[in-house]
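Chemist: One structure, pasted below without further comment.
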Amino acid sequence: MSKIVKMHVGELRVGMFVSKLDKDWLDTPFIMQGFLLEVQDDIDIVSEYCESVWVDTDYKETKLSANSSGDGTASHAKPSNDAFAPEVSIQDEHRKAYKAFRQARSLTKTLLDDIRLGGALDGAQARDMVNDCVQSVIRHPDALLWMAKIRDEREYTAEHCLNVCILAIAFGRQLGFDEAELHNLGMCGLLHDVGKMRVPEEIVDKPASLTPKEMRLMKAHTVHGRNLLLASSNIYNGAIDVAYSHHERIDGQGYPRKLPGHGISRFSRIIAIVDAYDAMTADRCYSRAKTSTEALKIIYNEKGKHFDEALALKFIETIGLYPAGSLVELYSGEVGIVVESNPRLRHLPRVILLLDEEKQVREKETIKDLAYIETGEMPRKFLIKQVWRDGSFGIRLREYQKKGLILKH
């Protein structure tokens, strides 16, 4: 039986197995609790975020081998490397993606409006738009992920569909999908909520709890979505299944069919996670947006119940602690926006600083690569302290996008 001992971080040594932290796991760079301290750098990172940890003194190396085979009970201490390195700089991809994203947002709204008015789905137009998203994510996923953070509550459904498309493609890329699979997954994301075009707008946009009758009408969007796509030509069959099944749950308590976990397709499991994450991080007429950290905590807590456990953990790893577009406060008191994530050191992204230590607007925005904290070339006061909602401190991503904030750097 394992013996768990609480230790101050100053007592840690290479070879120890940390089983618990003194703070929420998602407030640190460690994707899951339970990791081996393999090198001094691992101890240094733990020391940056914790005062005390719990160590399994009976841990044996074989335990890591058993648990790293896919059961999700252990994780390496160091943030994982990204095998899919960006092909271009974030600045170059922002320049390419900005116009394409605006066009995609407009086209998505047009596609859905046409369906709402009784028209047919333009499958060719949807495929071209998804292909543009796939190519951008392959070149550098953070550009579109940054833009997907910019919201307009009045256009929630259209923006949500496009954002789920983008997030799903980025997730699929991390799962190792090839280009054709990314395209199919993107189509699933774009069309997953198409059935809502057959639900009365006053129900979809109701700023209060739905009555039992209204909830039944809302849940029917999965059936409407399946029927709409079945009646459309040249639609990827998997998108029909996802439109019908993205609200099924691993524990069999979802709708419309209460499918058990093994009966839910992989693409439906993926879109279920992405759909929930994007919905939680958006301002709705009936709820405030959650931060990415808050949303990921909910997904973590619902793994194995609402969501596929292995996919949920991989999605958390994909999004990371501070995804592009996150509004963050540093320990120095300064505030900025994450421009680009760091796959190797997830807690140390590149940030544009907008407010100084007194929360006053800086005379000139400054970009900081927090990875230099790791080398000692930058003081630790630049570590990220907290993620804030868009609009906090008077900073709105939409306004900085209009200013060309990213394009200038």
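Chemist: Of all residues in the range 357-398, which are of a type in the set (S, T, N, Q) and buried (at least 16 other Cβ atoms within 10 Å of the Cβ)? Don't jump to the end; show me each part of the working.
Modeler: Looking only at the range 357-398, we keep the residues that are of a type in the set (S, T, N, Q), and these are 360, 366, 375, 386, 392.
If the condition is that a residue be of a type in the set (S, T, N, Q) and buried (at least 16 other Cβ atoms within 10 Å of the Cβ), then no residue fits.
Chemist: Of all residues in the range 267-294, which are part of a loop (DSSP other than H, G, I, E, B) and of a type outside the set (Val, Ile, Thr)? Break it down into steps so the answer makes sense when it comes.
Modeler: To start, the set of residues in the range 267-294 that are part of a loop (DSSP other than H, G, I, E, B) comprises 281-283, 285-286, 288-291.
The answer is Ala282, Asp283, Cys285, Tyr286, Arg288, Ala289, Lys290.
Chemist: Here is a follow-up. I'm trying to understand the selection: among the residues of the range 100-109, which are of a type outside the set (Gly, Ala, Ser) and surrounded by 14 or more Cβ atoms within 10 Å (Cβ to Cβ)? Break it down stepwise before answering.
Modeler: Of the range 100-109, the ones of a type outside the set (Gly, Ala, Ser) are 101-103, 105, 107-109.
Of everything in the range 100-109, those that are of a type outside the set (Gly, Ala, Ser) and surrounded by 14 or more Cβ atoms within 10 Å (Cβ to Cβ) turn out to be Phe101, Arg105, Leu107, Thr108, Lys109.
Chemist: Mind telling me which of the residues Asp92, Asp82, Asp114 ends up being modelled with pLDDT under 75 and charged (D, E, K, R)?
Modeler: On the way: Asp92 fails: modelled with pLDDT under 75; Asp114 fails: modelled with pLDDT under 75.
Exactly one residue qualifies, and that residue is Asp82.
Chemist: Just the residues that are assigned to a helix (DSSP H, G or I) and either in contact with a strand residue (DSSP E or B) (Cβ under 7 Å, 6 or more places away or on another chain) or in contact (Cβ under 8 Å) with a residue 12 or more places away in the chain (or both), please, taken from the range 202-224. Outline the logic, then answer.
Modeler: First, the residues of the range 202-224 that are assigned to a helix (DSSP H, G or I): 202-204, 212-219, 221-224.
If the condition is that a residue be assigned to a helix (DSSP H, G or I) and either in contact with a strand residue (DSSP E or B) (Cβ under 7 Å, 6 or more places away or on another chain) or in contact (Cβ under 8 Å) with a residue 12 or more places away in the chain (or both), then Ile203, Val204, Leu217, Met218, Lys219, His221, Thr222, Val223, His224 are the ones that fit.
Chemist: Scanning for something surrounded by 15 or more Cβ atoms within 10 Å (Cβ to Cβ) and closer than 19 Å to Phe315 by Cα, does the range 192-211 turn up at least one residue?
Modeler: Yes, the conditions are met somewhere in the range 192-211.
Chemist: Also, quick follow-up: Name the pairs whose Cβ atoms lie under 6 Å apart, with the first residue in the range 290-310 and touching a residue at least 12 places away in the same chain (Cβ under 8 Å) and on the phi < 0 side of the Ramachandran plot, the second of a type in the set (Asp, Glu) and assigned to a loop (DSSP other than H, G, I, E, B), and 6 or more positions between them or separate chains?
Modeler: Lys305/Asp251
Chemist: Oh, and also: Residues Val9, Val39, Val46, Val5: which one is under 25 Å from Ile298 (Cα atoms) and modelled with pLDDT of 75 or more? Reasoning before the result, please.
Modeler: On the way: Val9 fails: under 25 Å from Ile298 (Cα atoms); Val39 fails: under 25 Å from Ile298 (Cα atoms); Val5 fails: under 25 Å from Ile298 (Cα atoms).
Unique residue meeting the criteria: Val46.
Chemist: Separate question: Of all residues in the range 110-126, how many are in a helix (DSSP H, G or I) and either buried (at least 17 other Cβ atoms within 10 Å of the Cβ) or under 22 Å from the mean Cα position of the chain (by Cα) (or both)? Can you show your working first?
Modeler: Going residue by residue through the range 110-126, those that are in a helix (DSSP H, G or I) are 110-116, 123-126.
Applying the additional criterion that residues be either buried (at least 17 other Cβ atoms within 10 Å of the Cβ) or under 22 Å from the mean Cα position of the chain (by Cα) (or both) yields 111-112, 115, 123, 126.
Number satisfying all stated conditions: 5.
Chemist: Filter the range 279-333 down to the residues that are of a type in the set (Ser, Thr, Tyr) and within 20 Å of Glu159 (Cβ to Cβ) and list them by number.
Modeler: Let us first name the residues in the range 279-333 that are of a type in the set (Ser, Thr, Tyr), namely 281, 286-287, 291-293, 300, 318, 322, 326, 331-332.
Once the filter is applied, which keeps residues that are of a type in the set (Ser, Thr, Tyr) and within 20 Å of Glu159 (Cβ to Cβ), the range 279-333 yields Thr281, Tyr286, Ser287, Thr291, Ser292, Ser326.
Chemist: Write out, first by first residue and then by second, each pair whose Cβ atoms fall under 8 Å of each other, whose residues are 6+ apart or on separate chains, and whose first residue, in the range 100-121, is among the acidic types (Asp, Glu) while the second is not in a helix (DSSP H, G or I).
Modeler: Asp114/Ala120; Asp114/Leu121; Asp114/Asp122
Chemist: Right, here's the next one. Of all the residues that make up the range 314-350, how many are in contact with a Leu (Cβ under 6 Å, 6 or more places away or on another chain) and of a type in the set (S, T, N, Q)?
Modeler: 1
Chemist: Run down Leu21, Leu26 and say which single residue is among the hydrophobic types (A, V, I, L, M, F, W, C) and modelled with pLDDT under 75.
Modeler: Values: Leu21 fails: modelled with pLDDT under 75.
It is Leu26.
Chemist: Hand me the list of helices (runs of 4 or more DSSP H) wholly inside the range 302-409 holding 2 or more residues that are out of contact with any strand residue (DSSP E or B) (no Cβ under 9 Å at 6 or more places or on another chain) and either within 17 Å of Leu145 (Cα to Cα) or among the basic types (Lys, Arg) (or both).
Modeler: Numbers: elements: 309-319, 372-375, 397-402.
Filter on the range 302-409 gives 309-319, 397-402.
Chemist: Turning to a different aspect of this structure: Which ones in the range 148-168 are within 11 Å of the chain's Cα centre (by Cα) and either of a type in the set (Val, Ile, Thr) or surrounded by fewer than 18 Cβ atoms within 10 Å (Cβ to Cβ) (or both)?
Modeler: Keep residues of the range 148-168 that are within 11 Å of the chain's Cα centre (by Cα), which gives 148-149, 163-164, 166-168.
If the condition is that a residue be within 11 Å of the chain's Cα centre (by Cα) and either of a type in the set (Val, Ile, Thr) or surrounded by fewer than 18 Cβ atoms within 10 Å (Cβ to Cβ) (or both), then Val164, Ile166 are the ones that fit.
Chemist: Here is a further query. Could we say that Arg105 is in contact with an Asp or Glu (Cβ under 8 Å, 6 or more places away or on another chain) and outside any helix (DSSP H, G or I) here?
Modeler: Details: in contact with an Asp or Glu (Cβ under 8 Å, 6 or more places away or on another chain): yes; outside any helix (DSSP H, G or I): no.
It is false that Arg105 is in contact with an Asp or Glu (Cβ under 8 Å, 6 or more places away or on another chain) and outside any helix (DSSP H, G or I).
The values are calculated or read from the model by the stated rules, or taken from the named source; none is laboratory data. These numbers come from a predicted model, not from an experiment. Cβ: placed from backbone, ideal geometry, glycine included. Neighbour counts: every protein chain shown.
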